[in-house]
1. Report the trypsin sites (Lys or Arg not before Pro) located in the range 34-122 that are in a DSSP loop and have at most 12 other Cβ atoms inside 10 Å of their Cβ, or state none.
2. Extending each Cα 7 Å along its Cβ direction at TYR91 and ASP121, get the distance between those two points in nm, one decimal.
3. With θ set to phi - 60° and the Karplus curve 6.51 cos²θ - 1.76 cosθ + 1.60, what are the ³J(HN,Hα) couplings of the range 56-66 in order, to the nearest whole Hz, using x for Gly and Pro?
4. State, to one decimal in nm, how far the label point of ARG181 lies from the label point of ILE55, with both points 7 Å from Cα in the Cβ direction.
5. When only DSSP loop residues count, what GluC sites (Glu not before Pro) in the range 33-105 have their Cβ near at most 15 other Cβ atoms within 10 Å?
6. Give me the one-decimal nm value for the distance between modelled label points at ASP29 and SER174, 7 Å along each residue's Cα-to-Cβ direction.
7. Around GLY79, which amide H atoms from residues at least 5 apart in sequence, or from another chain, sit under 5 Å from its own amide H, with H modelled in the peptide plane?
8. Show me, for the range 83-96, the HN-Hα J-couplings you get by feeding each phi into the Karplus relation (A = 6.51, B = -1.76, C = 1.60, θ = phi - 60°), rounded to Hz, glycine and proline as x.
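Derivation of every value follows stated rules applied to the coordinates shown; laboratory data play no part. Every value quoted in this text rests on a predicted model; they were computed, and no experiment measured them. Here the Cβ is made from the backbone with ideal geometry for all residues, glycine too, and neighbour counts use every protein chain on show.
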Amino acid sequence: MENLVKLNIKGISYSQTQTGAYALIMEEDMGHRKLPIIIGSFEAQAIALALEKDIHTPRPLTHDLFVSIAKAFSFWVKGVYIHKLEDGVFYSNILIEDRDGHQEEIDSRTSDAIALAIRFDAPIYALEAVMEKAGIHLEVQEKEEQNLAKAIKEIEKEVKEPKSKVDFKSKSKSELEKLLREAVKNEDYELAAKIRDELDKR
């Protein structure tokens, strides 16, 4: 890929406007722009646990299991590429390489890709086009928190409003099934689970 910007993890900030959501703040390696990525609580936990090297869970989490499998079969993550932002959703690829040097790029949720990149100590990149669209340039240090909060809100506006407040009982089965498909497509698995529960009751 051309026009890549190397990113480092700046931190994770709790979203003040979206319940249960966090903003993963990425910072370009050679510059002042920051890239806020809205993630859920489970995704935030997976990334935070990877950053805290001294914390070990009693049983392996999904990303840790992936690392164990990779070591067992001699392949590893070489890099992560955030290549698109559409409707508030960042799209990423994971570059995998095996012991023979064969490489494959695999589509991934950005939060999963970053969680794995940390565990493999692999670099994270974003296309310049993504940085131009969503990156926030911070020149004045004292305004950083204010600008980040504004940036997070702007990204959240692009994310479709959660339908958790929809009165499921007033919806027909076919309407619920349509909502379920949309929730899965938008990777809103929390909403999808609620719709599935309502369908199971019928």
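1. Taking the range 34-122 and a limit of 12 other Cβ atoms within 10 Å, the loop trypsin sites (Lys or Arg not before Pro) found are LYS53, ARG99.
2. Each label point lies 7 Å from its Cα, and together they span 3.3 nm.
3. Working through the residues one at a time gives 10, 7, x, 10, x, 7, 4, 5, 5, 5, 4 Hz.
4. 3.9
5. Passing sites in the range 33-105 are GLU52.
6. Distance between the two pseudo-spin positions: 5.4 nm.
7. Answer set, sorted by chain and number: LEU95.
8. Each residue of the range 83-96 in turn: 10, 7, 10, 9, 6, x, 10, 8, 10, 9, 10, 10, 8, 9 Hz.
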